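Note sheet for the following structure.
Values in this text are rule-based calculations from the coordinates and carry no lab data. In this text, all values refer to a predicted model and were calculated from it rather than measured experimentally. Note that each Cβ is placed from the backbone with ideal geometry, even for glycine, and that neighbours are counted across all protein chains shown.
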Ligand SMILES: Nc1ncnc2c1ncn2[C@@H]1O[C@H](COP(=O)(O)OP(=O)(O)OP(=O)(O)O)[C@@H](O)[C@H]1O
Ligand SMILES: [Mg+2]
């Protein structure tokens, strides 16, 4: 067969395969867009594990009507200022998420920036675009994704049950809500409100999302080494869990699943937690953009530290010190812990 250039729709479907692996990945991209838009309140509504429908409503800066077609075009972004990819301060930077979602699903964007008379909407279904037109809508953006992977049956076959996909998507929102405690977050899945959190201090957000037992026992932690700052809350060894689900890592405001940080956490607790059990921790690292490469993973969930040893020893040292001299946060510092209505935990252990 001769070499030929692929059609744009095919290119987007291939990209969708990398970027949008499952409903949780679409949820992550859309919430990240809402955070990048400077929203103060984000609502996520899921149906059928996000396979049927995902709706994200934000009150952020919105997309001007004339830019709506660009938003769903591949490699079009309002965010990337440093084309050397060093100074990346937004969660998104590639201009890939929306076209990827639009290639694999039915995507509707309804958006209204401050100062624009009304909202405008654009639709893209399996890569086919319907021209932008006026619509009803408040300031901010509503993104609706329906029938995820209907246009990419190869991917649809690999979806797990709606229940399993719902859990992964809910966990994704849980992680993002931990990244941005200054933003109010509401999560609804199959008409059940899983959390509804106001903008709040970080410790209160951790308390709300980790649950009462963890909240009452976790200890604050703070450390710095050169330009790298570590802060967060960690559980005492006795608060260990059967899974790593009550572990959250935020690096420069990004939710990450980083193997170096996970390993550092494990090593820090190695002598005090039995094998097969896992620590409870919410850790946040802040470091200069140039000390970090965020462009190493298609779903932006991994990153690379320039000084891996420095980061590892900062984390291990700080945790060891905190464990040696425990200071509990207690109820006073946390304030009232809002009660959550979470799904009953699956038999495998706590959900997060
Ligand atoms: N909720 C939103 N509020 C305001 N603008 C948005 C929103 N969602 C998307 N946009 C605009 O649409 C553009 C394209 O979004 P998309 O997610 O595809 O790319 P990105 O965020 O720039 O990069 P990435 O692919 O890494 O996520 C963004 O750069 C932004 O300008
Ligand atoms: Mg994005």
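Can you give the % of DSSP beta bridges in the chain that are antiparallel, to the nearest 5?
85
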### Chain lengthening between residue 164 and residue 191 when straightened (0.36 nm per residue, less Cα-Cα)
8.1 nm
### Summary
Length-normalised contact order of the chain, Cα under 8 Å, at least 6 apart, in percent, tallies to 17
### Task
Give me the distance in nm between label points sitting 7 Å out from Cα along the Cα-to-Cβ direction at residue 244 and residue 308, one decimal.
1.5
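Once the Cα gyration tensor of the chain is diagonalised, what are the square roots of 5 times its eigenvalues, in whole Å and ordered largest first, as equivalent ellipsoid semi-axes?
Values: eigenvalues 250, 98, 82 Å².
Ellipsoid half-lengths, sorted descending, are 35, 22, 20 Å.
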## Note on the structure
From fewest to most C-beta neighbours within 10 Å, the residues 61, 179 line up as 61, 179
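Taking a quarter of the surface of the Cα convex hull of the stretch 8-197, what do you get in nm²?
Working: hull surface 41.5 nm².
Mean projected area for the stretch 8-197: 10.4 nm², to one decimal.
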### Message
Which of 269, 150 has the fewest other C-beta atoms within 10 Å, and how do the rest follow up to the most?
### Response
150, 269
#### Entry: Cα-projected label distance for residue 277 with residue 229, points at 7 Å along beta-carbon direction, nm
3.4
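Using helices alone, I'd like the mean residue ellipticity at 222 nm for the chain: each DSSP H run of four-plus residues gives -39500 (n - 2.57), total over residue count, nearest 500. Don't jump to the answer; show the numbers that get you there.
On the way: 11 runs with 107 residues, N = 352.
Estimated from H runs of four or more residues: -9000 deg cm²/dmol.
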### Query
For the residues 249, 93, what sequence is obtained by ranking on other C-beta atoms within 10 Å, fewest first?
93, 249
